[in-house]
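All of the numbers you see were taken from the coordinates with simple rules; none came from a lab. The structure presented is a predicted model; accordingly, all values stated were derived computationally and were not measured. Cβ sites come from the backbone with ideal geometry, for glycine too, and all protein chains shown count toward neighbours.
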Amino acid sequence: MKASCEKCSKDLEDGSLLCSECGFEGVDAKKESAVGKIKKHMESNKKIVRIVAIVVAVVLAVSAGGFLFATKTDLGKGLTTKYFRTVIGPVAAKSTIEEFVKANLVPPGTEIATTDVSEEAGLYMAVVTVQGQEHPVYLSLDGTKLFPSALDTVAKSPEMAATQQPPAQDVPKSAKPVVKLFVMSYCPYGTQIEKGILPVISALGNKIDYKLEFVSYVMHEKKEIDENLRQYCIREQEPAKLSAYLGCFLKGDGNEGSGSACLKTTGVNVAKNATCVKATDDKFSVTKNYNDKSTYQGSFPTFLVDKADNDQYSVQGSPTLVINGITTESQRDPASLLKTICSAFDVAPKECGATLSSTAPAAGFGTAAAPTGAAGAAATTGGACATN
């Protein structure tokens with residue numbers, strides 16, 4: 001028996017609940033329509049669940065060292081490009097950092113340790129310890145790029161902006177350039193540029209007014225304070241012997257006894273130096289401030305013997321090279337440093353024509369050369385010990 005329309009009584013087509021004559025939709029049809037909407041909604045929810053599941057899977061894959069997925073849309077062409085980038089895990093990041101540093105940034109056989117590997121602002125950050133000195137380094141998440149430091153592109157507050165190193169400026173010329181080099185005695189990049197500049201000082205002699213100064217905080221424990229004081233006193237009392245002393249000290253392994261041995265080797269008056277160290281320590285409260293963490297600059301003890309010049313030239317780290325009152329940059333090989341300093345003469349003297357090595361010394365102590373190629377270029381210009 002055929003079903004009929006509840007409104008006009010016309011027979012309905014087989015299986016249909018909608019009247020073709022008057023358009024009336026029966027109660028059963030309404031139920032079926034409602035069921036259809038529910039099924040459609042459930043299908044939509046299933047799609048959402050699948051999408052969420054995919055997102056969760058991607059996040060878990062990245063956390064475990066999997067892949068980073070992204071899409072890129074070209075609005076001009078209406079195209080969407082999808083690509084995957086490998087993300088290595090923290091364990092692999094540690095191995096990558098150690099392998100690169102050993103192969104490119106330190107002399108063969110140098111022992112290093114990598115700790116505190118963590119993700120920060122889209123990069124892996126780690127602390128690499130070389131000869132007892134800690135250096136923060138950064139690695140891209142895919143392990144293909146290593147950075148000796150990170151530059152913050154976020155706008156700084158006025159207080160923070162005031163502490164940033166000023167941009168490089170053109171160095172004014174003078175008849176006798178005034179050259180100041182600010183270092184920490186155990187900073188590997190400070191010792192690197194010191195090794196590079198010693199032949200320059202020897203070549204130019206009294207044609208320049210050169211002075212070794214010290215950054216107003218230390219990053220390498222009490223041994224750096226002791227060595228800074230020792231070198232400061234040689235500078236103040238027997239300046240003619242400072243280059244010889246540094247040549248001896250920098251060639252060694254940086255152990256705490258090498259400084260005392262070099263005093264004797266280079267003929268520095270040991271008793272006179274010790275008296276000066278004690279007086280300087282008392283005058284500038286060096287050890288007192290070391291023991292009082294409320295005086296620290298951030299996490300680091302202060303060393304204020306050259307504070308006035310640090311403030312005047314906005315010195316932030318080791319090394320900082322100042323020529324005729326302007327902070328400047330230079331490659332750290334002797335030939336490049338000679339060229340940089342000689343560019344500050346009104347009329348360059350004949351000594352500026354000296355033939356010096358264009359091979360940069362390696363960072364840290366010893367006589368090894370820096371690695372060549374891109375890694376060496378990065379290691380001989382950008383490395384610094386600094387708090388920011």
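5 Å is the cut-off here: which amide hydrogens, built 1.01 Å from N in the peptide plane, fall below it relative to Ala362, excluding neighbours closer than 5 in sequence?
Here the answer is Ala368, Ala369, Ala370, since their amide H atoms fall under 5 Å of that of Ala362.
Fewest to most neighbouring Cβ within 10 Å: what's the order for Ser174, Ser243?
Ser174, Ser243
Each residue of the stretch 191-198 in turn: what ³J(HN,Hα) in whole Hz from Karplus with 6.51, -1.76, 1.60 and θ = phi - 60°, glycine and Pro shown as x?
Here the 3J(HN,Hα) series is 5, 4, 6, 4, 5, x, 8, 4 Hz.
What Rg and what Dmax come out for the stretch 220-378 when only alpha-carbon atoms are used, in angstroms?
17.7, 51
Name the residues whose placed amide hydrogens come within less than 5 Å of the amide hydrogen of Leu141, ignoring near sequence neighbours (fewer than 5 apart) on the same chain.
Tyr124
Filter the cross-link list Lys223/Lys293; Lys180/Lys272; Lys211/Lys339; Lys180/Lys207 down to pairs whose alpha-carbon distance in this structure exceeds 20 Å.
Lys180/Lys272
Could you list which residues have their amide H under 5 Å from that of Phe214, counting only those 5 or more apart in sequence or on another chain, with H placed in the peptide plane?
Hits under the 5 Å cutoff: Val183, Asp306.
Using packing as a proxy for protection, rank 205-216, 345-356 so that the peptide with the highest average count of other Cβ atoms within 10 Å comes first.
205-216, 345-356
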